[in-house]
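The values are calculated or read from the model by the stated rules, or taken from the named source; none is laboratory data. Computed from a predicted model, the values in this text were never measured in an experiment. Glycine gets a Cβ as well: all are built from the backbone with ideal geometry, and neighbour counts include every protein chain shown.
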Amino acid sequence: MSNLISKTQQQLQAARDWDQKRPSFPAEHWIVLGAGVAVMLASRRSGSPIVRALGAAAGGALVARAASGRDGVAKLAALIPAGSSLTNLGSLFGRRQKLLPF
């Protein structure tokens, strides 16, 4: 079992490394942000709580993906007036590192 977990972790790391090395296409993170919001909104219409929960999880993962990375939407936080304070929120929680990667 631990061999399977180790192999899966290696494959995930290889996928992350490939993703960091490839050039991003224009508006990639904006498209992913829109897809995440669309998934969350579409899943809210379902009568099933399982579908709503899965839609919220999948949509949230897409929104998080859009906000992270080298060309992410979070990069825009530096351009808005409150953005500089957002980068240092970690000090409020007793952490020394920044919460956002810029």
Discussion item. Checking the structure you have, find out if any residue of region 19-26 is of a type in the set (Lys, Arg), surrounded by fewer than 12 Cβ atoms within 10 Å (Cβ to Cβ) and not in a helix (DSSP H, G or I).
Written reply: yes
Worksheet entry | Boolean, LEU33 is assigned to a helix (DSSP H, G or I), among the aliphatic types (A, V, I, L, M) and either surrounded by 13 or more Cβ atoms within 10 Å (Cβ to Cβ) or modelled with pLDDT of 90 or more (or both) | yes
Worksheet item: Can ARG16 be described as in contact with a Lys or Arg (Cβ under 7 Å, 6 or more places away or on another chain), basic (Lys, Arg) and assigned to a helix (DSSP H, G or I)?
Response: no
